[in-house]
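As structure tokens, the structure follows; a few thoughts come after it.
Quick note: the coordinates plus some simple rules give every number you see, no bench work behind them. In this text, all values refer to a predicted model and were calculated from it rather than measured experimentally. Ideal geometry is used to build each Cβ from the backbone, glycine not excepted, and the neighbour counts take in all protein chains shown.
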Amino acid sequence: MNSNVWILTFADAISIATTLILASLGAMITERSGVINLGVEGYLLMGAVTGFIVADSTGQLWLALVASIIVGAAMALVHATLTVTLRANQIVSGLAMVIFGTGLSQFIGKPVEGKTRPVIIDKIKFGTLSDLPLVGPIIFGHDPITYLTWLLALSISLYFHRTRPGLILRATGDAPATVDAQGVSVRRVRYLHTVVGGALMGLGGGWYMFARAAAWSQAATTNGIGWIALALVVFASWRPLRAIVGAVLFGFCLQVPFTLQGQQINILPPEIVSMFPYLMTLVVLVALSTPRARRLLGAPKMLGQPFVRDER
Amino acid sequence: MIVGKTRIQLEARLTSPRWLIVAVPMLSVLLASVVGGVFLLLTGHPPLRTYGDLLNNGYTSFYGLTDTLGLATPLICTGMAAAFAFRMNLYNIGQEGQLYLGMVGGAWAGIALAPHLTPFIAVPVVLVTGALFGAAWVLVPALLRARLGTSEIVSTLLLNYVALNLINYFIFGSRGFFRDPSTPFPQGRMIYESARFDPFGTTNTYPTLLVSMFLAVFLFWFVRSSNYGYETSVFADSPSTARYAGMNSTWLTTSVLLVSGSLAGLGGAMYVVGPAGKVDPGILQIGLGYAGIVVAALARYNFVAVILTAILFAGLRVGGSALQASSDPVPIAIAVVLQGAVLLFALGGELFRRNRVVITRVTESHQVIVGEVS
């Protein structure tokens, strides 16, 4: 087997990683404020189907992506209302959003099911740079959103660790009472970051639709990518730049079964190979939960805890 | 919070009034139907007539109701599985995978063991084997959670996708034990007749319904009256209190998750004993595991209430399939939309059950007088 195939697989992994990065950045921002959003899978599906429907009726790619972003933000607004204002159980609310999103995307996507996508995201042409061996497909072979996502991860990283609002955000996740005592509204910080997080997840779904999926089909669109993105947040220990590395690694695992199939290599049945990404994610999670790793991770301390100020 | 001249405050209730315990779920169902109605209207289906058909096909007609009860049978099991774990703040969301494994285990016992057993015990053996397979599927996440503190949420969920691929492998990808060898068409091998229940008359309701209802009543009693149930409640409220009181948290965590998994597995085995009679990939389409979480949350982890919410949700599904097949086809996904919406509203409603909303007018009297020297 030639090495070219594996380079292409790796380039593909970088490409598929875009959805994973966007979704886990969204989850990360949300979790940094102390809110868990388990609904990622539902947001991705809704982002994908909304984008598809808008593109199908208008033919405008950018309009479609904006619609994906809005629908993600709207779902996150519901989640924030339930968990921040109404103090509902964050885990159950997130799960409810997965179920609601799965059902609704299937329902509103029914009329366009099986249709091929009306527009696609084109890769940027870098001229001769794209034809370079190795570097060409891996670095210069992607679409604008992929590059934007890398830039986004970098800016969010700077935001977390180099700005004052980022400091307040991290404090809200670790010690909301302190933030409250400083006179900053915990509620506002949580609402804002939950909604922005949801918007990123929506964009992740929209991008996936136009860059990876051939046609809209609820059953085959996300396939658990949302859950892998959640595991990725732990893997990246709530740090945006590490999410890129993790996402490429996870993307590679997702891509390998297809490469093996394409190469007619049948060491293992495809169904068994398809289990690998999920099993690998599980192994990574386990490795990260050893006491030693736990100390290095630094999860937001008040993750999942509603903040209630004693009002007198 | 102060809006204009009114001050809105939440005061925690010590006890929730009885009427609210019933009113919150009822109102949630009503509000969810409004949301569903909007989407129906947008897609050009008259909401009232659609809901009328749904009601008739899912609940009020004889065959509608018996189909619903048949589907509710495994759903009660997955609902109990979710309730048992969630009430201890252990979020096992792998009921879907545990249900598949229960189906595999049940089918294995029905094919391999049933010929050697008297019919009287063949069915219980199939059910127990299914429950054991379900428990085995959650064993690794349970031990990881108890020993290392690995989040059971993500680990149980990831295993759902592994289980899904496993079923596909058994039926579509291989010509193994579980596949019917007599036909090239990919389908499961039937279990022995002696290991199956006959339905009641011409309906699709099976005696397993009584088993799951009995289990629900038993668990309702068990968690209230047994020492074990008490310990899980203490642990749920405050893990540190439980530890100071000398309760074994590793044992509690592991055992609760294993029981949860076995309940979901039992649901899968009931599907084999009843309508399917084999490993049937058709179950992958129904999403009984995920629906179980909604059923449990809506029942507020009360096992007897799980029976009612399971019947409610099974009816949505049965009524929904009838709608899809009707002359004005409505996608069955409307049933899932309604499930999600009911849960979202019920979650919001919890606030009003737990807290009293106090609205007072803010008057001018609390002006602070600055600089008053006496």
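A few notes on this one:
- Derived from the Cα gyration tensor, the three semi-axes of the equivalent ellipsoid of the range A:59-205 are 34, 25, 11 Å, largest first.
- In straight-distance terms, cross-link reach from A:Lys301 covers every one of the aspartates and glutamates whose alpha-carbon lies under 15 Å from its own, apart from those fewer than eight places away in the same chain; here that gives A:Glu31, A:Asp174.
- Residue among B:Tyr271, B:Tyr59, B:Tyr100 with the largest mean-square fluctuation in a Gaussian network model of chain B, springs linking Cα atoms under 10 Å: B:Tyr59
- Dimensions (Å) - the range B:213-369, Cα atoms, principal axes, largest first: 77, 52, 22
- Remark: mean inter-chain Cβ contacts per residue of A:106-115 equal 4, using a 10 Å Cβ-Cβ cutoff to other protein chain atoms.
- Here the contact order of chain B, divided by its residue count and restricted to Cα pairs under 8 Å and six or more residues apart, works out to 36 percent.
- Residue of B:Gly105, B:Gly188, B:Gly176 that the Gaussian network model of chain B assigns the largest fluctuation, springs spanning Cα pairs under 10 Å: B:Gly176
- Near A:Ser237, no amide H atom lies under 5 Å from its own; only residues 5 or more places off or on other chains count, and H is placed 1.01 Å from N.
- Positive-pole candidate from A:Ala13, A:Phe252, A:Ser185, dipole of chain A, charges at beta carbon: A:Ser185
- Kirkwood Rh in Å, taken over the range B:62-329 so that all alpha-carbon pairs contribute: 18.7
- Interchain or long-range residues, amide H under 5 Å from B:Asn355's placed H: B:Arg13
- Counting only DSSP H runs of at least 4 residues, each contributing -39500 (n - 2.57), and dividing by the residue count of chain B, the helix-based mean residue ellipticity at 222 nm comes to -21000 deg cm²/dmol.
- Chain B: most fluctuating residue of B:Ala122, B:Ala32, B:Ala245 per GNM, C-alpha cutoff 10 Å: B:Ala245
- Structure-based [θ]222 nm, chain A - -39500 (n - 2.57) summed over DSSP H runs of at least 4, per residue, nearest 500: -23000 deg cm²/dmol
- Calculated from backbone phi, Karplus (6.51, -1.76, 1.60) coupling profile of the range A:16-28 in Hz, x at Gly/Pro: 5, 4, 4, 4, 4, 5, 4, 5, 6, 4, x, 5, 5
- Peptides B:314-320, B:74-80 ranked from most to least packed give B:74-80, B:314-320, packing being the mean of other C-beta atoms within 10 angstrom over each peptide's residues.
- Placing +1 on each Lys and Arg Cβ and -1 on each Asp and Glu Cβ, with no other charges, gives the range B:62-329 a dipole about its Cα centre of roughly 400 debye.
- Kirkwood estimate for the protein assembly as shown, i.e. one over the average of 1/r between Cα atoms, Å: 26.4
- ³J(HN,Hα) computed for each position of the range B:6-21 - Karplus, 6.51 cos²θ - 1.76 cosθ + 1.60, integer Hz, glycine/proline x: 10, 10, 9, 10, 10, 10, 5, 8, 7, 10, 8, x, 4, 5, 5, 4
- Peptides A:25-31, B:201-207, B:306-312 ordered by average Cβ neighbours within 10 Å, highest first: A:25-31, B:306-312, B:201-207
- For chain A, the relative contact order works out to 36 percent when only alpha carbon pairs closer than 8 Å and six or more residues apart are counted.
- For the range A:147-170 versus the range B:178-255, the spacing of their alpha-carbon centroids is 46 Å.
- The listed peptides B:113-121, B:294-302, B:257-265, ordered by packing as a protection proxy, come out as B:257-265, B:294-302, B:113-121 (highest mean of other Cβ atoms within 10 Å first).
- Over 36 Å [Cα-Cα, chain A], rounded percent: 18
- The ellipsoid that matches the Cα gyration tensor of the range B:154-197 has semi-axes, each √(5λ) in whole angstrom, of 25, 16, 6, with the longest given first.
- Eigenvalues of the alpha-carbon gyration tensor of the range A:45-93, scaled by 5 and square-rooted, set the equivalent ellipsoid semi-axes at 29, 9, 6 angstrom, largest first.
- Taken residue by residue and averaged, Cβ atoms of other chains lying within 10 Å of the Cβ of B:326-338 number 4.
- Note that the range A:74-81 has calculated 3J(HN,Hα) couplings of 5, 5, 5, 5, 5, 4, 5, 4 Hz, one per residue in order, obtained from phi through the Karplus relation 6.51 cos²θ - 1.76 cosθ + 1.60 (θ = phi - 60°); glycine and proline are x.
- The orientation-averaged projected area of the convex hull spanned by the Cα atoms of the range B:1-61 comes to 7.5 nm².
- Amide H to amide H, with H built 1.01 Å from N, B:Arg179 comes under 5 Å of B:Arg189, counting only residues 5 or more places away or on other chains.
- Relative to its residue count, the range A:96-136 spans a Cα convex hull of 143 Å³ per residue.
- The calculated FRET efficiency for B:Ser226 paired with B:Leu351, based on their beta-carbon distance and R0 = 25 Å, is about 0.20.
- For the protein assembly as shown, size of Cβ-based charge dipole, Lys and Arg +1, Asp and Glu -1, in debye: 1480
- For the peptide A:283-291, the mean number of other protein chain Cβ atoms found within 10 angstrom of a residue's Cβ is 4.
- Unit charges on C-beta of K, R, D, E only; dipole of chain A, Debye: 940
- Taking 7 Å steps out from each Cα toward its Cβ at A:Ala175 and B:Thr60 produces label points 6.1 nm apart.
- Here's the picture: charge each Lys and Arg Cβ at +1 and each Asp and Glu Cβ at -1 in the protein assembly as shown, and of B:Ala325, A:Val195, B:Leu113 the one pushed furthest to the positive end of that dipole is A:Val195.
- Over the range A:1-132, the hull volume per residue, using the convex hull of the C-alpha atoms, is 158 Å³.
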